[in-house]
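Chemist: Let me give you the structure first, and then I'll get to my questions.
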Amino acid sequence: MTIDPSNQYLCAMERIYQPGIYFAPLQESTDFVYRKAHAYYFGGIDKYFSPYLRLQKDGTLKKSHLRDSAPENCSGYHLVPQIMAGNSNDFLFLAKHLTDLGYQEINWNLGCPYPMVTGKEMGAGLLPYPEKISEILNQSLPQLTSRISVKLRSGLTSAEEIFQVLPVLNQYPLSEVILHPRIAKQLYSGTADRGLFQKVAALISHPLVYNGDIVNLEDFQEADKTFESVDNWMIGRGILKNPFLAMEIKGVQLPGRIEKTELLEQFHGEIVSSNATMLSGHSHLITRMTKFWEYFCFQFPNPHKAFKRVKKSVNMSKYEIAVRENFSQLRNEE
Ligand SMILES: Cc1cc2nc3c(=O)[nH]c(=O)nc-3n(C[C@H](O)[C@H](O)[C@H](O)COP(=O)(O)O)c2cc1C
């Protein structure tokens, strides 16, 4: 599958003034198969971010991570690979590896909230230690030719932490900073703290990207009105639920109901067939596709039922029946 730049929707988008839309990295969802299919069937995304690459205990990279950032798997759209590192050796190893592959921008994860990561002073686990963040940037940046951006939360256990981190980030030549204004302890509960984002916007000297809880056009318009200085927006779960969302935000006329259903069906078909060639055994494939439907079901008349139908599938023939039933319901929707 090659991404055709003459795709009518992409062309239409180029003619319209656009806010920048970034597709957030989401482990187990936005891998290279998903990103490529999304860029081909929908588009509207200025930058796709890969889920983070991290070194294993033995200092090597997992095969799946290598595959996910291999340029031959990531052509046709703009990818910013993300790294997870808690010291400058790991940072440099990962960033140099990606620079050698030709990536000109690399994103550093300072936001992962999960204890398995934060406990090792990585991801959001570095936010209480601004001096360590400074040391890593200080030792790494002079040795790199690629641009470095940072994606962070507002703190590990308190939103006060970000105000100690900002002066450090301001000292270094970062290409941009993406803020998801929740503390790690919250995981995804509560709402993104837009008041805090405003305060950070007033203090930061880098381009600031907003991320968090934009799931529809109205959410975007409200955020766009609130944060006048923001030009670029990162969206994750909202696009997984509605792959057309970036197009909607950019004012592209959406296809009609029948064409929309066809696009969704082709998108799904591409993701199943690409995963089938990559994953060994049907149970892995069903697990993978069940994760996909957790969000994709929101395109269907009764999302809960559509998801349940897929989740109950015990083998591929049951899965195919469930999918056929979901699409037939979508086609028959009034
Ligand atoms: C299942 C899942 C996996 C995620 N994986 C990553 C990741 O690898 N790197 C990262 O920076 N953020 C990751 N995130 C956070 C998202 O990129 C994003 O910051 C968060 O979902 C808030 O944006 P949203 O409300 O638009 O989804 C993940 C989030 C979820 C729910």
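Chemist: Name, by its number, the condition in (1) under 17 Å from the mean Cα position of the chain (by Cα); (2) part of a helix (DSSP H, G or I) that does not hold for Trp108.
Modeler: Of everything listed in (1) under 17 Å from the mean Cα position of the chain (by Cα); (2) part of a helix (DSSP H, G or I), Trp108 misses just condition (2).
Chemist: Please verify whether Arg35 is surrounded by 20 or more Cβ atoms within 10 Å (Cβ to Cβ) and either hydrophobic (A, V, I, L, M, F, W, C) or in a helix (DSSP H, G or I) (or both), treating the condition exactly as stated.
Modeler: Yes; evaluated as a whole, the condition is true for this residue.
Chemist: If you go through segment 59-84 one residue at a time, how many are over 18 Å from the mean Cα position of the chain (by Cα) and not hydroxyl-bearing (Ser, Thr, Tyr)?
Modeler: Residues that pass the stated criteria total 5.
Chemist: So, one more: Check off (1) touching a Gly at 6+ places or on another chain (Cβ under 9 Å); (2) at positive phi for Glu248 and give me the number that stays unchecked.
Modeler: Failing condition for Glu248: (2).
Chemist: Oh, and also: I need the helices (runs of 4 or more DSSP H) fully contained in segment 225-312, keeping only those with at least 2 residues that are hydroxyl-bearing (Ser, Thr, Tyr) and more than 15 Å from the ligand (Cβ to nearest atom).
Modeler: Where helices (runs of 4 or more DSSP H) fall fully within segment 225-312 and carry at least 2 residues being hydroxyl-bearing (Ser, Thr, Tyr) and more than 15 Å from the ligand (Cβ to nearest atom), they are 257-278.
Chemist: Related question: Please identify the pairs in which a residue from segment 309-334 that is free of Cβ contacts under 8 Å to residues at least 24 places away in the same chain has its Cβ atom under 7 Å from the Cβ atom of a residue that is among the basic types (Lys, Arg) and in a helix (DSSP H, G or I), counting only partners at least 6 apart or on another chain.
Modeler: Ala322/Arg309; Glu325/Arg309
Chemist: Quick one: what pairs do we get from segment 85-106, first residue hydroxyl-bearing (Ser, Thr, Tyr), second modelled with pLDDT of 95 or more and assigned to a loop (DSSP other than H, G, I, E, B), C-beta under 8 Å, 6+ apart or different chains?
Modeler: Thr99/Leu144; Thr99/Thr145; Thr99/Ser146; Tyr103/Pro81; Tyr103/Ser146
Chemist: Another question, then. So, Asn216, is that one under 26 Å from Ser50 (Cβ atoms) and more than 12 Å from the ligand (Cβ to nearest atom) or not?
Modeler: no
Chemist: Starting from residues that are within 14 Å of the ligand (Cβ to nearest atom) and either among the hydroxyl-bearing types (Ser, Thr, Tyr) or outside the structural domain of Ser88 (by TED's automatic domain parsing) (or both), keep the ones in segment 35-72 and report whichever is farthest from Val150 (Cα to Cα).
Modeler: Once the filter is applied, the top-ranked residue is Ser64.
Chemist: Can you pull out the residues in segment 293-327 that are within 13 Å of Leu240 (Cβ to Cβ) and touching a helix residue (DSSP H, G or I) at 6+ places or on another chain (Cβ under 6 Å)?
Modeler: Answer for segment 293-327, where residues must be within 13 Å of Leu240 (Cβ to Cβ) and touching a helix residue (DSSP H, G or I) at 6+ places or on another chain (Cβ under 6 Å): Trp293, Tyr295, Cys297, Phe298, Gln299, Pro303, Phe307.
Table: residues versus (1) among the hydroxyl-bearing types (Ser, Thr, Tyr); (2) touching a Phe, Trp or Tyr at 6+ places or on another chain (Cβ under 7 Å); (3) farther than 24 Å from Leu26 by Cα.
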{"position": "Glu135", "(1), (2), (3)": "no, no, yes"}
{"position": "Asn138", "(1), (2), (3)": "no, no, yes"}
{"position": "Gln164", "(1), (2), (3)": "no, no, yes"}
{"position": "Tyr172", "(1), (2), (3)": "yes, no, yes"}
{"position": "His180", "(1), (2), (3)": "no, no, no"}
{"position": "Ile183", "(1), (2), (3)": "no, no, no"}
{"position": "Gln186", "(1), (2), (3)": "no, no, no"}
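Chemist: Residue check: is Val150 touching a helix residue (DSSP H, G or I) at 6+ places or on another chain (Cβ under 7 Å), surrounded by 18 or more Cβ atoms within 10 Å (Cβ to Cβ) and not assigned by TED's automatic domain parsing to the domain that holds Leu279?
Modeler: So Val150 fits the description; yes.
Chemist: Only one of (1) touching a residue at least 24 places away in the same chain (Cβ under 8 Å); (2) more than 21 Å from Val314 (Cα to Cα) is not met by His268, so which one is it?
Modeler: (2)
Chemist: Still on this model: Which of the residues spanning segment 275-302 are over 22 Å from the mean Cα position of the chain (by Cα), closer than 26 Å to Asn216 by Cβ and surrounded by 15 or more Cβ atoms within 10 Å (Cβ to Cβ)?
Modeler: Answer for segment 275-302, where residues must be over 22 Å from the mean Cα position of the chain (by Cα), closer than 26 Å to Asn216 by Cβ and surrounded by 15 or more Cβ atoms within 10 Å (Cβ to Cβ): just Phe300.
Chemist: Here's a check for you: in segment 179-213, which residue that is within 11 Å of the ligand (Cβ to nearest atom) and surrounded by fewer than 15 Cβ atoms within 10 Å (Cβ to Cβ) is farthest from the chain's Cα centre (by Cα)?
Modeler: Step by step, filter segment 179-213, then rank; the result is Thr191.
Chemist: Would you point out which residue out of Ile271, Ile249 is modelled with pLDDT of 95 or more, closer than 24 Å to Gln329 by Cβ and in contact with a helix residue (DSSP H, G or I) (Cβ under 6 Å, 6 or more places away or on another chain)?
Modeler: The conditions single out Ile271.
The values are calculated or read from the model by the stated rules, or taken from the named source; none is laboratory data. This one's a predicted model, so the numbers in the text were calculated from it and none came from an experiment. Positions of Cβ are generated from backbone atoms using ideal geometry, with glycine treated the same way; all protein chains shown enter the neighbour counts.
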